[in-house]
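The values are calculated or read from the model by the stated rules, or taken from the named source; none is laboratory data. Being a predicted model, the structure only gives us computed values, none of them experimental. Virtual Cβ from ideal backbone geometry, glycine too; neighbours counted across all protein chains shown. Heavy atoms of the whole protein, side chains included, go into the accessibility calculation; ligands, DNA and RNA do not. Shrake-Rupley method; radii C 1.70, N 1.55, O 1.52, S 1.80 Å.
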Amino acid sequence: MNSWSPVDYLIYLSFVFFAFGISLFFKKGLIATKFLGIQFLGLAYQLFAGYFIQPSHIYDYPHFFRTVSPFFYLLGPLGYLFQHYLLYPERKFRLIYLLHFLPFILHIIEYIPFYLLPAALKLEEVNNVFQQNTFYNSQSIYGWVSMRDHLFIKTIYYLAYIIWTLYELYKFYKTTSRSFFKKNLLIVYWLTGDMVMKFVVIILHCFNLVFAKKKHLELTWMDYIFVLEYITMMVFMLLNPKLLKGPTLKGLVFQHSAGFNDKQLIETSKQEKAHQKSSRDKSVLFTLNRYFETEQLFLRPDITLAEVSRYLKIKPRIIRMALQVEMNLSFSDYVNTWRIQYAEEQCRENPKWKNYKLEVIAMESGFGTRQSFNSAVKKIKGVSPGKYFENIL
């Protein structure tokens, strides 16, 4: 009876990853889950085909040879796009983003002539690889560049995406508040931990670069660590499914930040009942709040309703109605409330802001002029900026 090796179990793991990837891809909600689903589907095929290209099986299944290689060009782009749309869920996918997948497509096109070969000719290439003792052979009549060169290109490509992803994560954390971290410790740990594991993977890729000339015909402990990253991610998400809903955002805390008194709250409540708030208004407001908070649009003095409407593809009239029904605010008051809340938050949490004069606070918070800042604070808070911020500063 033949003993089973760890490689034999990978084919079963590929079916697990395939089922998990399918469930994520068709899951309703954030576009980020679709990119994560594609990651797991790609990995499922890598594991499935990887089983058949091992020396013990390759002569029986030569058609799987070289089919795994293009998928390594998907690791960086899919990881970046997943994080990008998880942190910025209201951003739209544009066709130009397909350029992220150009190396993957070109690598497939490059090897189409080889994929169409009969088994006998593919076995000749397999023998050539075995003679060189590595899948990353430097001599072959197939492909535009050698597999050895592809290894270098993949490593540089993956490293570039890791750095890009890390920079965006750093930039996002830098612009968020302490309240965000308190509400989203789990997602912060998740994204940070995944980034650490990605650096481990790239170090292993670099290890492959150095030792590619040595025998590399079977899976090594480095390949299993690569698989472990995705197993960890899958288990973590299965235990914490709410992670795929994206960060929990604070929105506008009106009782604290908009300065409503009890009478105004009662009047607003009556208005809400009178209008019988529709689910559409709530949905519009949720989308608007998430868009404003993640993109921090309120920091731009020139932001307009027309611009927001075009991006969200929601008519200005519907946005105005949702704000009126749900919050009893005009669009300009809504934007200014975000600005004041941001100023309060920074003055409380950022030591540098405590030394700012009101003119600087106004400019840093998105108000174009001190006059507009004065008018907004007095209208929304009922007092002058000097009096309102004296206790905060």
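When you scan region 161-210, how many residues do you find that are aromatic (Phe, Trp, Tyr) and in contact (Cβ under 8 Å) with a residue 60 or more places away in the chain?
Kept after step one, since they are aromatic (Phe, Trp, Tyr), are these residues of region 161-210: 161, 164, 167, 170, 172-173, 180-181, 189-190, 199, 207.
Narrowing the set further to residues that are in contact (Cβ under 8 Å) with a residue 60 or more places away in the chain leaves 161, 164, 172, 180.
Total satisfying the criteria: 4.
From PHE40, PHE25, which residue is among the aromatic types (Phe, Trp, Tyr), over 22 Å from THR134 (Cβ atoms) and surrounded by fewer than 18 Cβ atoms within 10 Å (Cβ to Cβ)?
Values: PHE40 fails: surrounded by fewer than 18 Cβ atoms within 10 Å (Cβ to Cβ).
Going through PHE40, PHE25 in turn, the sole match is PHE25.
Could you check how many residues of region 346-378 are more than 19 Å from THR304 (Cβ to Cβ) and either in contact with an Asp or Glu (Cβ under 8 Å, 6 or more places away or on another chain) or surrounded by 20 or more Cβ atoms within 10 Å (Cβ to Cβ) (or both)?
7
With the structure loaded, tell me whether GLU326 is touching a residue at least 60 places away in the same chain (Cβ under 8 Å) and either buried (at least 19 other Cβ atoms within 10 Å of the Cβ) or among the charged types (D, E, K, R) (or both) or whether it fails that test.
Details: touching a residue at least 60 places away in the same chain (Cβ under 8 Å): no; either buried (at least 19 other Cβ atoms within 10 Å of the Cβ) or among the charged types (D, E, K, R) (or both): yes.
Judged against the criteria, GLU326 is not a match.
Which of the residues that make up region 56-94 are over 29 Å from TRP190 (Cα atoms) and not in a loop (DSSP other than H, G, I, E, B)?
If the condition is that a residue be over 29 Å from TRP190 (Cα atoms) and not in a loop (DSSP other than H, G, I, E, B), then PRO62, HIS63, PHE64 are the ones that fit.
Taking the conditions exactly as written (open to solvent by 20 Å² or more (accessible area, probe 1.4 Å) and part of a helix (DSSP H, G or I)), does ILE340 satisfy them or not? Explain how you work it out, then say what you get.
Numbers: open to solvent by 20 Å² or more (accessible area, probe 1.4 Å): no; part of a helix (DSSP H, G or I): yes.
Considered against the rule, which asks whether it is open to solvent by 20 Å² or more (accessible area, probe 1.4 Å) and part of a helix (DSSP H, G or I), ILE340 comes out as no.
With respect to LEU74, is the statement that it is closer than 30 Å to ILE163 by Cβ and open to solvent by 50 Å² or more (accessible area, probe 1.4 Å) true? Before the answer, list the steps.
On the way: closer than 30 Å to ILE163 by Cβ: yes; open to solvent by 50 Å² or more (accessible area, probe 1.4 Å): no.
No: the conditions fail for LEU74.
For a quick check of your reading: which helices (runs of 4 or more DSSP H) sit entirely within region 220-324 and have at least 2 residues that are at pLDDT 85 or above? Let's see the steps before the verdict.
Values: elements: 221-239, 262-275, 279-295, 305-312.
Counting at least 2 such residues, we get 221-239, 279-295, 305-312.
Within region 83-110, which residues are open to solvent by 10 Å² or more (accessible area, probe 1.4 Å), among the aromatic types (Phe, Trp, Tyr) and within 28 Å of PHE180 (Cβ to Cβ)?
Passing the criteria: TYR88, PHE93, TYR97.
Which of the residues belonging to region 158-174 are closer than 23 Å to ALA343 by Cα and open to solvent by 60 Å² or more (accessible area, probe 1.4 Å)?
TYR170, LYS171, LYS174
From ILE38, ILE53, ILE58, ILE11, which residue is at pLDDT 95 or above, out of contact with any strand residue (DSSP E or B) (no Cβ under 8 Å at 6 or more places or on another chain) and either over 21 Å from ILE108 (Cβ atoms) or among the β-branched types (Val, Ile, Thr) (or both)? Break it down into steps so the answer makes sense when it comes.
Working: ILE53 fails: at pLDDT 95 or above; ILE58 fails: at pLDDT 95 or above; ILE11 fails: at pLDDT 95 or above.
Of the residues listed, the single one that is at pLDDT 95 or above, out of contact with any strand residue (DSSP E or B) (no Cβ under 8 Å at 6 or more places or on another chain) and either over 21 Å from ILE108 (Cβ atoms) or among the β-branched types (Val, Ile, Thr) (or both) is ILE38.
Output yes when any residue across region 108-116 is in a helix (DSSP H, G or I) and within 30 Å of GLU295 (Cα to Cα), and no when none is. Let's see the steps before the verdict.
Start the filter on region 108-116 by keeping residues that are in a helix (DSSP H, G or I), which leaves 108-115.
From what's left, within 30 Å of GLU295 (Cα to Cα): none.
No, that holds for no residue.
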